[in-house]
Amino acid sequence: MCSIIGYRGGRKAVRVLINGLRNMEYRGYDSVGVATMDGAKIQVRKRVGRVDDVSKAMGLDELGGTSGVGHTRWATQGAPTDRNAHPHVSSGGRVAIVHNGTIENFAELRTSLESQGFSFKSETDSEVIANLLESELDGGDGVRGAVLRTIAKIRGHYTFAAIFNDGSMAATRRRESLIVGVGDGEYYVSSDVHGFVEYANDVIYVNDGDVVVIDDDGLGIYDGDGRRVTTELTKVSRELATIYKEDYAHHTLKEISEQPDVIGAAGADESAVSAVARSLRDAGTVYIVGSGTSYNAALAAKHLLLEYASIRAEAIVASEIPVHARSLERGGIMLAISQSGESADVLEAAGIARNAGIDVISIVNHPNSALARESTDVIRINCGPEIGVAATKSFLSQLVVLYKIVGELGGPGIDQEVISQAISGALESGPHVKEIARRLRDVNDVYVLGRGIHYAIALEAALKLKELTYIHAEAMPGGELKHGPLALLDEDTNVIIINPPGTTHDDALADAAKIRARGAHVIGIDTADSDAYDDWIPIPESDEAAHTIAEIVPIQLLAYYTALERDTNPDRPRNLAKSVTVR
Ligand code: G6P
């Protein structure tokens with residue numbers, strides 16, 4: 001996904017835009033660009049790179065004007081090059097646009113616009129929006145009419161914002177986020193509130209298909225028929241101030257470190273948790289979906305529901321739901337897990353479920369997200385903004401919510417204080433983990449083993465290592481090692497074994513012995529050391545839920561410190577985006 005920011009007011013626009021882009025850079029960071037109305041002309045500067053580097057190298061601060069749009073890109077259509085960076089300006093120079101999402105019919109629109117004399121400079125789907133807007137500008141009904149006719153022609157999921165050389169600005173959305181910030185005589189349009197939260201805390205969540213126009217008359221929002229809509233102002237929560245990383249070197253480290261404190265707010269609305277627990281108990285079939293980290297939480301949920309509530313649920317990667325669409329059973333429940341509530345794969349899965357007569361219940365961090373708005377019931381994980389691209393605190397908060405749900409269905413009651421202590425204890429492994437990270441700097445392969453629900457944690461561990469360190473990391477149920485993967489082990493391989501106390505403990509030690517016999521290096525995550533481990537990362541003794549929730553923490557730290565050793569940016573891994581809003 002990309003980030004979009006637009007501003008019209010009395011301040012020097014480029015400063016507002018750069019600041020907003022810096023705060024939203026986690027959404028995409030292949031390239032950066034801004035366009036401002038400087039005098040009567042639209043000025044554009046853009047380039048591949050990070051916000052601060054591009055800003056310095058291109059002297060963005062030199063751009064004048066009190067209105068403009070800005071963008072950071074996560075490349076989908078067209079490589080991450082300077083030419084493909086946004087904003088894109090129409091052939092006649094009357095419009096500059098920034099876009100997030102995909103325009104499915106861009107190829108045919110481009111051919112048609114070219115035959116009308118419009119030219120294109122990039123390989124992106126986005127540029128057609130600029131030329132379409134320009135082609136529609138002379139309809140006699142101004143910017144609003146031009147945007148309405150443009151969106152009638154494009155297909156896909158998108159948000160775009162545009163500035164016009166008459167000084168006005170417009171923005172619209174279809175299945176991508178768009179938020180308007182309202183200040184004193186000034187307006188912001190943005191992909192998320194982080195874009196302007198420092199300047200304005202009154203916001204409007206724009207409905208799908210509505211068109212925002214900001215001009216000399218102020219702000220107007222119109223529906224698809226061009227009728228003015230009335231909108232509600234929402235106060236942005238103060239918690240957003242916590243996006244700043246204070247004294248931490250990276251957001252990722254800050255977010256890992258604050259886990260003992262944030263989990264207390266997960267699923268705080270007890271009635272929502274009870275309602276969801278009842279729905280799951282009474283459902284015919286339960287489908288649990290998510291992507292990335294949230295899928296790993298879905299797999300943990302499947303184990304918990306089976307073990308504690310005798311509910312047989314299927315955990316399905318969200319992007320696989322279209323494949324199963326025909327076999328989904330009416331009357332079932334889909335439990336959709338998503339930090340952002342904006343991942344396209346999850347939204348599509350939810351849409352398919354609703355069409356099949358299946359109620360969608362969601363576990364989300366963002367209460368105003370598309371997923372939350374489209375769900376029958378919502379449980380909030382309330383972990384505050386997660387800026388590091390790799391999910392950390394949201395995963396622990398999701399697990400806490402899941403334990404709360406099964407707690408209502410006969411599972412173990414959880415004690416948040418005990419969980420916080422277990423996480424704090426696990427964080428104490430930091431200095432030892434740093435040493436292990438030094439050793440992992442040059443390794444190529446890491447395997448992570450776990451049994452039962454701990455296999456879901458192992459998957460999350462491998463995902464963290466992949467995302468932050470770019471080391472090949474693979475998770476498997478401990479017992480599977482001997483059925484093939486053992487052939488891969490040699491003295492250069494590292495195997496992390498997640499080994500909680502209980503019935504699987506001895507089996508995991510036996511796995512460790514087999515691994516060491518092949519010369520590979522074993523890192524045990526355990527409450528006690530063992531001769532079977534080359535390295536031991538301690539987890540404090542605790543109850544079962546707290547242990548399961550805390551055992552990912554040292555691996556989050558390991559991924560973080562190994563990223564530093566390998567000189568990669570843990571907050572912004574290459575090629576990734578915080579939430580992927582395209583399919
Ligand atoms: C992207 C991120 C992952 C995240 C996944 C699901 O792929 O890079 O870190 O786990 O999206 O995000 P969601 O917001 O739906 O939980």
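Points worth noting:
- Identity of the residue in region 283-292, modelled with pLDDT of 95 or more and out of contact with any Asp or Glu (no Cβ under 6 Å at 6 or more places or on another chain), that ends up farthest from the ligand (Cβ to nearest atom): Val286
- Comparison of Ser362, Ser420 shows that the only residue that is within 12 Å of the ligand (Cβ to nearest atom) and in contact with a helix residue (DSSP H, G or I) (Cβ under 8 Å, 6 or more places away or on another chain) is Ser362.
- If you filter region 34-57 down to residues that are in a strand (DSSP E or B) and over 14 Å from Pro87 (Cα atoms), you find that the one that is modelled with the lowest pLDDT is Asp38.
- Annotation note: of Ala309, Ala318, the sole residue that is small (Gly, Ala, Ser) and more than 16 Å from the ligand (Cβ to nearest atom) is Ala309.
- In region 459-481, the residues that are on the phi < 0 side of the Ramachandran plot form Cβ pairs under 6 Å with partners that are surrounded by fewer than 20 Cβ atoms within 10 Å (Cβ to Cβ) and part of a strand (DSSP E or B), at six or more places apart or across chains, as follows: Ala462/Glu474; His472/Asp445.
- Only one entry of Ser362, Ser279, Ser294 meets the criterion of being under 28 Å from Ala458 (Cβ atoms), polar (S, T, N, Q) and assigned to a helix (DSSP H, G or I), and that entry is Ser294.
- Enumeration of residues in region 337-357 that are more than 15 Å from the ligand (Cβ to nearest atom) and either in a helix (DSSP H, G or I) or buried (at least 24 other Cβ atoms within 10 Å of the Cβ) (or both): Ile352, Ala353, Arg354, Asn355
- Members of region 379-417 found to be more than 16 Å from the ligand (Cβ to nearest atom) and hydroxyl-bearing (Ser, Thr, Tyr), listed by number: Tyr403
- Taking the numbered list (1) crowded, with 23+ Cβ neighbours inside 10 Å; (2) under 21 Å from Ser579 (Cα atoms); (3) among the aliphatic types (A, V, I, L, M) in turn, Val48 passes all entries but (1).
- On inspection, Lys434 fails the criterion of being away from the ligand (no atom under 14 Å from the Cβ) and buried (at least 24 other Cβ atoms within 10 Å of the Cβ).
- Test: residue in region 468-477 that is assigned to a helix (DSSP H, G or I), within 27 Å of Ala344 (Cα to Cα) and under 25 Å from the mean Cα position of the chain (by Cα): yes
- A single member of Gly68, Gly93 is surrounded by 24 or more Cβ atoms within 10 Å (Cβ to Cβ) and either at pLDDT 95 or above or not in a strand (DSSP E or B) (or both), and it is Gly68.
The values are calculated or read from the model by the stated rules, or taken from the named source; none is laboratory data. In this text the structure is predicted, and so the values were computed from the model without any measurement. Don't worry about glycine lacking a Cβ; one is built from the backbone with ideal geometry, like all the others, and counts go over all protein chains shown.
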